[in-house]
Amino acid sequence: MKSVSVQPLSGSNKGEIVYKAVVFDFGNVLCRVNRNAFSEALAAYCPHDPASIGKMLWGGRLETEFETGKLDSTGYFKLVSEKINAYPGLTYEHFCSLFMLILEPNPDGVEALRYAHARGLRTFILSNISFLHSTWIFNHETLATIPELHILSYKIGAMKPDPRIWNRMLQYSGLPAAECLYVDDIQAYCDAARALGFAAIKYDFRSQNLSRELQTVL
């Protein structure tokens with residue numbers, strides 16, 4: 001397996017580092033996340049407007065329990081249906097199809113994954129994610145086959161910024177954190193990874209080209 005010698009990212013005072021792995025977040029890195037698309041579609045099946053639906057569903061216990069595997073998909077559907085007072089016509093199957101509207105392709109992120117792999121580095125996906133959204137990964141051949149391991153919160157039972165999710169990746173890979181480059185769109189998660197010894201890139205698909213970012217450090 002090829003190693004790449006690069007200078008450490010800004011903020012590091014170490015000497016030359018050999019990165020052996022790139023660890024990619026999923027949402028807003030390898031795909032784009034548009035929660036409003038789900039809220040807008042779901043509004044047709046309940047008496048609430050999209051903004052109210054968003055406030056009910058995101059950032060609370062319901063989301064956490066779904067993304068840590070405490071709730072399965074049918075349980076999530078039932079609780080969401082109760083919470084939004086869903087009309088009887090909303091079926092589980094249609095709910096799942098609406099939920100997938102949240103995810104949109106991000107070709108730049110996928111190309112960055114291919115680039116890291118082509119350079120001979122080990123690659124991983126590490127994400128806060130539910131089972132339903134993980135199916136998007138495994139229906140995308142590149143995302144399913146290139147990464148060596150998918151470290152997903154619903155299987156681990158812990159979500160970023162909990163160190164356990166990064167430590168699981170380190171345990172599996174046998175690599176020290178200093179030899180791993182982590183990519184995420186959320187600053188707090190980049191900071192948490194850095195606290196464990198990772199180098200990190202904060203990425204915004206609206207203003208950055210991740211493939212070019214990686215070319216400057218790999």
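The values are calculated or read from the model by the stated rules, or taken from the named source; none is laboratory data. Keep in mind that this is a model prediction, so the values were computed, not measured. With ideal geometry, Cβ positions are generated from the backbone for all residues, glycine too; neighbour counts draw on all protein chains shown. These accessible areas exclude ligands, DNA and RNA; they are computed on the full protein's heavy atoms, side chains included. Shrake-Rupley method; radii C 1.70, N 1.55, O 1.52, S 1.80 Å.
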Could you please let me know if Cys190 is crowded, with 18+ Cβ neighbours inside 10 Å, without any contact (Cβ under 8 Å) to a residue 60 or more places away in the chain and touching a strand residue (DSSP E or B) at 6+ places or on another chain (Cβ under 6 Å)? yes
Residue pairs, Cβ under 7 Å, 6 or more apart or interchain, first in segment 159-178 and of a type in the set (A, V, I, L, M) and modelled with pLDDT of 95 or more, second open to solvent by 20 Å² or more (accessible area, probe 1.4 Å) and in a helix (DSSP H, G or I). List them. Met159/Thr64; Met159/Glu67; Ile165/Ile156; Ala177/Leu170
Looking only at residues that are open to solvent by 50 Å² or more (accessible area, probe 1.4 Å) and not β-branched (Val, Ile, Thr) in segment 137-148, which one is nearest to Glu65 (Cα to Cα)? Phe138
Filter segment 150-167 down to the residues that are among the charged types (D, E, K, R) and surrounded by fewer than 17 Cβ atoms within 10 Å (Cβ to Cβ) and list them by number. Lys155, Asp162, Arg164
Can you name the residue in segment 14-62 that is more than 14 Å from the chain's Cα centre (by Cα) and acidic (Asp, Glu) and is also nearest to Asn209 (Cα to Cα) among such residues? Glu16
Residue selected from segment 117-136 under the condition without any contact (Cβ under 8 Å) to a residue 40 or more places away in the chain and farther than 15 Å from Gly27 by Cβ, by the criterion surrounded by the fewest Cβ atoms within 10 Å (Cβ to Cβ): Ala118
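Within segment 80-104, take every residue that is more than 26 Å from Arg32 (Cβ to Cβ), of a type outside the set (Ser, Thr, Tyr) and in contact (Cβ under 8 Å) with a residue 24 or more places away in the chain and give me the one that is least open to solvent (accessible area, probe 1.4 Å).
Here is the first cut: in segment 80-104, the ones more than 26 Å from Arg32 (Cβ to Cβ) are 81-82, 85-89, 91.
Retained after the next criterion (residues that are of a type outside the set (Ser, Thr, Tyr)): 82, 85-86, 88-89.
Still in the running and in contact (Cβ under 8 Å) with a residue 24 or more places away in the chain: 85-86, 89.
Values: Asn85: 88, Ala86: 29, Gly89: 60 Å².
Only one residue tops the list, namely Ala86.
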Kindly list, by first and then second residue, each pair from a residue in segment 64-79 that is within 11 Å of Met159 (Cβ to Cβ) and among the acidic types (Asp, Glu) to a residue that is modelled with pLDDT of 95 or more and in a loop (DSSP other than H, G, I, E, B), limited to pairs with Cβ atoms under 9 Å and residues at least 6 apart or on different chains. Glu65/Leu71; Glu67/Asn128; Glu67/Ile129; Glu67/Ser130; Glu67/Met159
So which residues in segment 137-150 are free of Cβ contacts under 8 Å to residues at least 60 places away in the same chain and among the β-branched types (Val, Ile, Thr), if there are any at all? Thr142, Thr145, Ile146
Restricting segment 34-63 to residues that are free of Cβ contacts under 8 Å to residues at least 60 places away in the same chain, touching a Leu at 6+ places or on another chain (Cβ under 7 Å) and not hydroxyl-bearing (Ser, Thr, Tyr), the residue that is farthest from Asp162 (Cα to Cα): Leu42
